[in-house]
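Engineer: Before we start, here is the structure in question, set down as structure tokens.
The values are calculated or read from the model by the stated rules, or taken from the named source; none is laboratory data. As the structure is a prediction and not an experimental result, all values here were calculated from the model. So basically every Cβ, Gly included, is an ideal-geometry build from the backbone, and we count neighbours across all protein chains shown. Please note that ligands, DNA and RNA were not included when accessible areas were found on the heavy atoms of the full protein model with its side chains. Shrake-Rupley method; radii C 1.70, N 1.55, O 1.52, S 1.80 Å.
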Amino acid sequence: IDGTSSTALLVDGATGQPLGPPKMYDEAQPLAAVEAVASIAPEGHTVRAATSTLAKLAAWDQAGALQTKDGSNVLLEHQADWLAALLHGRRGATDWHNALKLGFDPQSKAYPPWLLEQAYADSLPVEVVQPGAPVGCITAAAAAAMGLPDDCVICGGTTDSIAAFLAVGVGASTPGAAVTSLGSTLAVKLLSTCRIDDSRFGLYSHRLGDLWLVGGASNSGGAVLRKFFTDAQLAELTERIDVSRPPQLGYYPLTKAGERFPVADPTLQPALEPRPSDDALFLHGLLEGVTAVEARAYSLLAELGASPLTEVFTAGGGAKNVKWTQMRAAALGVPVYASPNAEAAYGAALLCRDSLRR
């Protein structure tokens, strides 16, 4: 199962029953929790971001949510973990990719000592497997309810943007290849020979075989377009856009205050003014703004030493917009293609298949 990283919830360690609402991926945590994490994590570590999963765990700890009346163990689970547990029935299992923003080190394949020393370490997932590695067989009850074979194997999951990268297949298998996911938000992943992590920019690296997937996720993206236009309006207005005449409106499209990457600033305000009277020009400005965020993201990766960008594949709804693709190719200076398989779930399926074949 693939799911947006850093969306997590607390569950009863014995029953798996949720103990409250989840904290969402883009939910910045209180300053006290962020400062508590900063006091233990190394400079630049991805968990120092206000939206990291560890910041969420620290906030729950400070709020007393890890203490129960009967003394039962409280576990943190990512959304992919919780859903997978409904199938295999095992609590406390996660994967390298989802656990990265919780502090798990994919290089040493372990939680660092500074994290295990914390009082809330008992709430960390105990079993952290390689994405795609078998976790357990489906339970009889889940198999019957879902109509699945009783020997179905449930494997370690991944994040949605990594699954989107994997869905490209062999097209994105060499350093310099990248995938931009243009859904409600914008996420970039670049295959690189070196690992780069820097919480100042919301930048982190996931291990993928012997290489690293370097990138981050912005709060800009398709959700801003949907705030103003329907799908039908987007299609009609896009036809009226002249890509040879950029409006240069200087927008930073966000639905609300706060950005994660390529600027980690929970107070950054949306920049959506001035709004032209022509909706086609306004849409052009929005697309131009999201494109600028993407270009800045890849430029930042290059500045920090990632493998040079050679080509970009696009996943998500934005891949269908031909004019937007032309704008992005011009801004990035490399070929931009639509992913042959736009669904991230396809990448998760490939991950599982290839793991089991090995």
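Engineer: Filter the stretch 188-226 for residues that are of a type in the set (Gly, Ala, Ser) and open to solvent by less than 10 Å² (accessible area, probe 1.4 Å) and give the result.
Structural biologist: Correct list: Ser192, Ser205, Gly215, Gly216, Ser218, Ser220, Gly221.
Engineer: Just one of (1) small (Gly, Ala, Ser); (2) farther than 28 Å from Pro134 by Cβ; (3) touching a strand residue (DSSP E or B) at 6+ places or on another chain (Cβ under 7 Å) trips up Ala235, so point out which.
Structural biologist: Among (1) small (Gly, Ala, Ser); (2) farther than 28 Å from Pro134 by Cβ; (3) touching a strand residue (DSSP E or B) at 6+ places or on another chain (Cβ under 7 Å), Ala235 violates only (3).
Engineer: Next up: If I ask for residues that are under 14 Å from the mean Cα position of the chain (by Cα) and either of a type outside the set (A, V, I, L, M) or closer than 16 Å to Thr15 by Cβ (or both), which ones from the stretch 71-94 would you list?
Structural biologist: His78, Gln79
Engineer: Let me ask something additional. Could you check the stretch 333-345 and list, in sequence order, the residues that are at negative phi and either open to solvent by 30 Å² or more (accessible area, probe 1.4 Å) or of a type in the set (Val, Ile, Thr) (or both)?
Structural biologist: Listed by number, the residues that qualify are Val334, Pro335, Val336, Tyr337, Ala338, Pro340, Asn341, Ala342, Glu343, Ala345.
Engineer: From (1) surrounded by 21 or more Cβ atoms within 10 Å (Cβ to Cβ); (2) at pLDDT 95 or above; (3) within 19 Å of the chain's Cα centre (by Cα), pick out the condition that doesn't hold for Glu288.
Structural biologist: (3)
Engineer: Considering the stretch 255-265 alone, what residues qualify as being assigned to a loop (DSSP other than H, G, I, E, B) and within 17 Å of the chain's Cα centre (by Cα)?
Structural biologist: Result: Gly258, Arg260, Phe261, Pro262, Val263, Ala264.
Engineer: Sticking with this one: Residue under question is Leu66, and the condition is that it be farther than 16 Å from Lys101 by Cα and either modelled with pLDDT of 95 or more or open to solvent by 10 Å² or more (accessible area, probe 1.4 Å) (or both); does it hold?
Structural biologist: Yes; evaluated as a whole, the condition is true for this residue.
Engineer: Output the residues belonging to the stretch 102-142 that are over 21 Å from Leu351 (Cα atoms), among the acidic types (Asp, Glu) and not in a helix (DSSP H, G or I).
Structural biologist: If the condition is that a residue be over 21 Å from Leu351 (Cα atoms), among the acidic types (Asp, Glu) and not in a helix (DSSP H, G or I), then Glu117 is the only one that fits.
Engineer: Report every pair of residues separated by at least 6 positions or lying on different chains whose Cβ atoms are under 7 Å apart, first residue within the stretch 294-313 and within 10 Å of Val188 (Cβ to Cβ), second part of a strand (DSSP E or B) and open to solvent by 10 Å² or more (accessible area, probe 1.4 Å).
Structural biologist: From residues that are within 10 Å of Val188 (Cβ to Cβ), the pairs are Val312/Val336.
Engineer: Identify, please: which residue in the stretch 191-241 is basic (Lys, Arg) and touching a Ser or Thr at 6+ places or on another chain (Cβ under 9 Å) and is, among those, farthest from Arg358 (Cα to Cα)?
Structural biologist: Lys227
Engineer: For Leu249, only one of the following conditions fails: (1) at pLDDT below 95; (2) more than 25 Å from the chain's Cα centre (by Cα); (3) among the aliphatic types (A, V, I, L, M). What is its number?
Structural biologist: The one condition Leu249 does not meet is (1).
Engineer: Of the residues in the stretch 194-241, how many are over 15 Å from the mean Cα position of the chain (by Cα), hydroxyl-bearing (Ser, Thr, Tyr) and not in a loop (DSSP other than H, G, I, E, B)?
Structural biologist: 1
Engineer: I would also like to ask the following. Can you tell me which residue in the stretch 291-319 is modelled with the lowest pLDDT, limited to those that are assigned to a loop (DSSP other than H, G, I, E, B) and either over 14 Å from Ala177 (Cα atoms) or in contact with a helix residue (DSSP H, G or I) (Cβ under 9 Å, 6 or more places away or on another chain) (or both)?
Structural biologist: Gly316
Engineer: From the list Ala36, Ala14, Ala58, which residue is over 24 Å from Pro131 (Cβ atoms) and either β-branched (Val, Ile, Thr) or open to solvent by less than 20 Å² (accessible area, probe 1.4 Å) (or both)?
Structural biologist: None of the other options fit; the residue is Ala58.
Engineer: Do we have Leu115 as in contact (Cβ under 8 Å) with a residue 40 or more places away in the chain, aliphatic (A, V, I, L, M) and open to solvent by less than 20 Å² (accessible area, probe 1.4 Å) here?
Structural biologist: Answer is yes for this residue.
Engineer: If I filter the stretch 254-268 for residues that are among the hydroxyl-bearing types (Ser, Thr, Tyr), over 30 Å from Thr51 (Cβ atoms) and open to solvent by 70 Å² or more (accessible area, probe 1.4 Å), do I get at least one hit?
Structural biologist: The answer is no; no qualifying residue exists.
Engineer: So Leu309 ticks every box in (1) open to solvent by 20 Å² or more (accessible area, probe 1.4 Å); (2) under 12 Å from Ala164 (Cα atoms) but one. Which box is left unticked?
Structural biologist: Going through (1) open to solvent by 20 Å² or more (accessible area, probe 1.4 Å); (2) under 12 Å from Ala164 (Cα atoms) one by one, Leu309 breaks only (2).
Engineer: So, in the stretch 118-134, of the ones that are under 13 Å from Leu54 (Cβ atoms) and touching a residue at least 12 places away in the same chain (Cβ under 8 Å), which residue ends up most open to solvent (accessible area, probe 1.4 Å)?
Structural biologist: Gln118
Engineer: Further question: Mind checking which pairs have a first residue in the stretch 242-264 that is within 22 Å of Gln29 (Cα to Cα) and free of Cβ contacts under 8 Å to residues at least 24 places away in the same chain and a second that is in a loop (DSSP other than H, G, I, E, B) and among the hydrophobic types (A, V, I, L, M, F, W, C), Cβ under 7 Å, 6 or more apart or different chains?
Structural biologist: Every condition considered, the pairs that remain are Ala257/Leu268.
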